[in-house]
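The structure under discussion appears below in the form of structure tokens.
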Amino acid sequence: MTIQKEKALINFKKAQGLISKIIKMVEADEYCIDIMQQNLATVGLLKSAHQMLMENHLNTCFKTAMETKNEKRKQKMTQEILKLTKLFNK
């Protein structure tokens, strides 16, 4: 596992813990602003993990594909990145 994936995994685990906390907060009918702050912290962790995974992918899988002479593979990898970028920006 690469360092980027390890860091992303840490963020996913932190987000998982925060989500459990958020569920308990909602169930306990805690103050909305406090819940939303925890939610935004979770979103931040997930966005950061996404960025780490994207960087890892570009530096490994994508880079390897671009170094080949297989134009079909290059096109597929480029389309995957574009599709993912569109999903992220929604």
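Quick note: the coordinates plus some simple rules give every number you see, no bench work behind them. Everything numeric here is computed off the predicted structure, so don't read it as measured data. Backbone-built Cβ (ideal geometry, glycine too); neighbour counts: all protein chains shown.
Answer with one residue from Ala65, Gln79, Leu40: the one whose Cα lies farthest towards the positive end of the charge dipole of the chain, charges on Cβ with Lys, Arg +1 and Asp, Glu -1.
Ala65
Helices from the chain with mean Kyte-Doolittle at least -0.5 and a Cα length along the axis of 15 Å or more, per DSSP H: which?
3-27, 32-57
Where does the Debye-calculated log10 I(q)/I(0) of segment 3-88 sit at q = 0.13 Å⁻¹, using only Cα point scatterers of equal weight, no solvent?
For segment 3-88 at q = 0.13 Å⁻¹, log10 I(q)/I(0) is -0.57.
In a shell of Cβ-Cβ distance under 12 Å around Arg73, excluding Arg73 itself, what net charge do Lys and Arg (+1) and Asp and Glu (-1) give?
Values: positive: Lys69, Lys72, Lys74, Lys76; negative: Glu67, Glu71, Glu80.
So the environment of Arg73 carries a net charge of +1.
From Cα pairs below 8 angstrom and at least 6 apart in sequence, can you work out the relative contact order of the chain, rounded to a whole percent? List each step's numbers first, then the result.
Working: 45 pairs, mean separation 31.0, N = 90.
For the chain, the relative contact order is 34 percent.
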